[in-house]
Amino acid sequence: FLETAAYFCMKPKMGEKEVSPHSFFSIWHEFSSDFKDLWKKENKLILQERVKEAEEVCRQKKGKSLYNIRPKHDSGIVSK
């Protein structure tokens, strides 16, 4: 634990000799919960952008017809 606290440059509070797990993990908990919230918001924005792009592609494909309609030729029995 002390090596991990030293890696993150944690220093003991005033009046304490060493970094306590409570002080370390209280800061870590705040960081991780903020990060999780931002991660969810960012993923939501990315998902909305992808949905908009997919809807635009669908609109463009619907604008183009996939088949051609030919006019009917009068060559049958009824036309004679």
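Before moving on, here are some points about what is shown:
- Spatially near lysine pairs across the chain, Cα under 16 Å, sequence gap of 8 or more or different chains: 5
- Accessible solvent surface per residue of the chain, calculated while the other protein chains remain in place, 1.4 angstrom probe, Å²: 106
- Hypothetical label at Y7: residues of segment 22-54 whose amide nitrogen lies under 20 Å (7 Å Cα-Cβ projection): 22-33, 35-36
- Sorted largest first by accessible area at a 1.4 angstrom probe radius, with every protein chain in place, the residues W28, W39 fall in the order W39, W28.
- Report note on the peptides 52-58, 16-22: ranked by the mean count of other C-beta atoms within 10 Å, highest first, their order is 16-22, 52-58.
- Per-residue SASA entry for K61, accessible area with 1.4 Å probe, Å² rounded to 10: 140
- For the chain, the residue among G63, M10, H29 whose Cα projects farthest onto the positive side of the dipole built from Cβ charges is G63.
- Gain on full stretching of the segment that runs from R70 to L45 - 0.36 nm per residue minus C-alpha separation: 4.5 nm
- Each Lys and Arg contributes +1 and each Asp and Glu -1, all at the Cβ; summed about the Cα centre of the chain, the dipole is approximately 960 debye.
- Stokes-Einstein D for the chain, Kirkwood Rh over Cα pairs, 20 °C, 1.002 mPa s (µm²/s): 111
- The calculated 222 nm mean residue ellipticity attributable to helices in the chain amounts to -21500 deg cm²/dmol, summing -39500 (n - 2.57) over DSSP H runs of n ≥ 4 and dividing by all residues.
The values are calculated or read from the model by the stated rules, or taken from the named source; none is laboratory data. Treat the numbers as computed from the prediction; the structure is a model and nothing was measured. Positions of Cβ are generated from backbone atoms using ideal geometry, with glycine treated the same way; all protein chains shown enter the neighbour counts. Ligands, DNA and RNA are stripped out before the accessible areas are found, and what is left, the full protein with its side chains, is counted by its heavy atoms. Shrake-Rupley method; radii C 1.70, N 1.55, O 1.52, S 1.80 Å.
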